[in-house]
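Comments concern the structure below.
The values are calculated or read from the model by the stated rules, or taken from the named source; none is laboratory data. All values reported here derive from a predicted model rather than from experimental measurement. Using ideal geometry, Cβ is built from the backbone for each residue, glycine included, and neighbour counts are taken over all protein chains shown. SASA here: full protein model, heavy atoms, side chains in, ligands and nucleic acids out. Shrake-Rupley method; radii C 1.70, N 1.55, O 1.52, S 1.80 Å.
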Amino acid sequence: MTDVIVVGGGASGIIASIIAARQGAKVLVLERLSRIGKKLLVTGNGRCNLSNTQINLSCYHTTSNSDFSYPLQKINYEMIRDFFEELGVPVLIEENKVYPFSEQASSVLEVLRMEMNRLKIDIQTEMKVVDVFLKKGLWYLSTENGITYHAPKVVFATGGMANASFGCDQTGYHILKKLGHTIAPMFPTLVHVLSPSIYCKMMKGTKIKCDAAAYVEDNLIRKEYGEVLFTEDGLSGPPIFQLSRIAAKANLEKKRGCIVLDLMPNLSYDEVISTIYSRIARHPMRTVEELFIGWIHKRIVVPIIKYSKIESMHLPAEDLEHHHIEQLAKTIKEFIFETEGTRGYKYAQATAGGILLSEIDLKSMASKKAKGIYITGEVLDLDGDCGGYNLQWAWSTGYLAGLHAAQENEEAL
Ligand SMILES: Cc1cc2nc3c(=O)[nH]c(=O)nc-3n(C[C@H](O)[C@H](O)[C@H](O)COP(=O)(O)OP(=O)(O)OC[C@H]3O[C@@H](n4cnc5c(N)ncnc54)[C@H](O)[C@@H]3O)c2cc1C
């Protein structure tokens, strides 16, 4: 008889199945897609940023007040690094981000699959679990194909809503809700931010290294530095991904959100003004547009001038009045882009919200609502920043669930 059924063959479900099988449990994985680990293949742009050497709790977000540190500290980065090294994947570290040495996400999946085969884990693909019920101490799982499986322990690792082409849908949430769990409001995160600003379209395709700050109702929430990409409908790039959670939440709560770019973070407002004056002094006959060439990316010069409400690009720079120069400096230091949410789950890397952490025993990942049920990974109300944090959460929680689900004695660690 099967001891543990794992629903969902993503990062979290795969590690849960391996750890459970290593404890001697007979494990079955049910995956709705034709293959397990499809999403893993696209992580980190195909390189799989599988963890981070600095797993700071401040890089994680949850809507509940629960202390979520236990899984991340118990099954920490070093344990996950050793786990992969033992499987044959040494790691490569780039600015704290951890990748497989091969720089191929496919190699991470391959070694996991080899280990699953070695442990004789039964993998059933194209097996979407649609319902669950308890009978005589066993959990019965019905699939869309009409097949029913049962086991005393079930790990739900059904993932979030991000990027449906990799298997995510709402079934996992529906089933867990039926089991008595509460779902904190969900929204996409790590995704392009939408802005109605006409300047996005004007600067489309341009990348600028700058400070990006997210505001909600005029309150600064978070600031990031990095390369911002302007797109047809908004803003993208690593700093914007980090801020997207704030933009998405503001939109959900119908609050006014905006992202403010500081295009010259190394200069103060006064220094920008004096730089403009010294450029005018050196080249008084250049037009306002020409004044910035060589100092600021050409594609954003016209938007800066227009945003600063300077009527003519062709005005000789020496004719600029002091209030014009102040306005130009203000734009350079505070170019405001109102936000209108994000491009949504289709483009997102993660889901914020989900099953409340307070309903889970975070030492074992066991549900407090349904005995014998364990819940792991992105389906839970926790999301991390870009940088390997989400996969670390998936590994840590999956590992704990596998360990505890396989052992009757819950003092497994
Ligand atoms: C494009 C992209 C790039 C990313 N890059 C990174 C990165 O570099 N580093 C990082 O840390 N994070 C990254 N992430 C986020 C990370 O991939 C996820 O947080 C992580 O995979 C979550 O693991 P999981 O096992 O909880 O869920 P998933 O990996 O989503 O796995 C869930 C699995 O459950 C299956 N499933 C769902 N419902 C059912 C059902 N009812 N029955 C049976 N099976 C079901 C799904 O098909 C899927 O295979 C990225 C995400 C995306 C979309």
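Quick rundown of the values:
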| item | result |
| --- | --- |
| Contacts under 7 angstrom Cβ, first residue in the stretch 120-147 being over 14 Å from Val29 (Cα atoms), partner open to solvent by 70 Å² or more (accessible area, probe 1.4 Å) and in a loop (DSSP other than H, G, I, E, B), 6 or more apart | Val130/Glu144 |
| Scope the stretch 226-261; condition part of a helix (DSSP H, G or I), within 20 Å of Glu95 (Cα to Cα) and among the aliphatic types (A, V, I, L, M); matching residues | Ile240, Leu243 |
| Among residues of the stretch 32-74, those that are closer than 24 Å to His404 by Cβ and either more than 14 Å from the ligand (Cβ to nearest atom) or not aliphatic (A, V, I, L, M) (or both), counted | 15 |
| Matching residues in the stretch 371-398 - criterion: being surrounded by 24 or more Cβ atoms within 10 Å (Cβ to Cβ) and away from the ligand (no atom under 12 Å from the Cβ) | Ile373, Tyr374, Asp381 |
| Pick from the stretch 214-235, criterion open to solvent by less than 30 Å² (accessible area, probe 1.4 Å) and within 18 Å of the chain's Cα centre (by Cα), ranking: farthest from Val260 (Cα to Cα) | Gly226 |
| Answer residue from the stretch 173-204, given it is in a loop (DSSP other than H, G, I, E, B) and touching a Lys or Arg at 6+ places or on another chain (Cβ under 8 Å) and is surrounded by the fewest Cβ atoms within 10 Å (Cβ to Cβ) among those | Gly180 |
| Lone unmet requirement of (1) open to solvent by less than 20 Å² (accessible area, probe 1.4 Å); (2) assigned to a loop (DSSP other than H, G, I, E, B) for Lys363 | (1) |
| Output for the stretch 75-103, where each listed residue is part of a loop (DSSP other than H, G, I, E, B), of a type in the set (Val, Ile, Thr) and touching a residue at least 24 places away in the same chain (Cβ under 8 Å) | Ile75 |
| Among (1) crowded, with 19+ Cβ neighbours inside 10 Å; (2) assigned by TED's automatic domain parsing to the domain that holds Ala162 - the single one Phe335 does not satisfy | (2) |
| Filtered residues of the stretch 121-172 (kept if modelled with pLDDT under 95, open to solvent by 50 Å² or more (accessible area, probe 1.4 Å) and either within 20 Å of Ser17 (Cα to Cα) or in a strand (DSSP E or B) (or both)) | Phe166 |
